[in-house]
1. Fewest Cβ neighbours within 10 Å first, please rank 50, 39 accordingly.
2. Normalised by the number of residues in segment 9-149, what is the relative contact order in percent for Cα pairs under 8 Å and 6+ residues apart?
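Each reported figure results from applying straightforward, stated rules to the coordinates on display, with no laboratory input. Everything quoted here is computed from the prediction, not taken from an experiment. Glycine gets a Cβ as well: all are built from the backbone with ideal geometry, and neighbour counts include every protein chain shown.
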Amino acid sequence: MSEIEEIRHYVESGAAPREALEWAGETSAKMVDLKFCDLLGTWQHMTLPLSAFGEDAFEEGLGFDGSSIRGWQGISESDMLLMPVASTALLDPFCETPTLSVICEIVDPVTRESYTGDPRRVAARAEEYLRSTGIADTCFVGRNASSSCSTRSRTSSAPTARTTWSTREKGTGTPASRARLHGARKGGLLPARAPRHAARPAHGDGAHAGAARDPV
């Protein structure tokens, strides 16, 4: 970690793909984490070795299944493309293995047009409209950080109708120990962090461990 702290954590603003990859080589990054946001605000991602991520990825994109993302495509039109944005590259300070984090935009693989359900595209359209009105040429968009104060609170881990991670699926015969390895329905295959309770598969069934993800 000391080696990572001594180098710059982000690429220069407006960097081209080649510049971003050259900078990644200077940081000794071994992996690249491609991130995008779904319609409901959940970070999704996929990680691959930096050696398998070339300059052509910025131009041609990388295919993924859009039907697994809530509110996006049906299975018959699920093919979509991740288009990495070079200027968003930064070195993730929380990964044990040096990892390059890059935000992506989503496009249709046939028309090559930006996907209307991509929140990043929605924000870009809002900026374009703002500039067209002449009101302003810059805006800042971010998440709403909510908080609350109370003098008393209680928590419970007892199963309820909302705890899909701990209850048996009605009519399926799925044991609770296995049900909690699965995210909520349409929770997606790529959420950016996994739940703590899914660290080890139940009954030695490794096939379900990789599918366990935090839907929120």
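1. On the way: 50 18, 39 13.
With the sparsest Cβ surroundings first, the list reads 39, 50.
2. Contact order relative to length: 25 percent.
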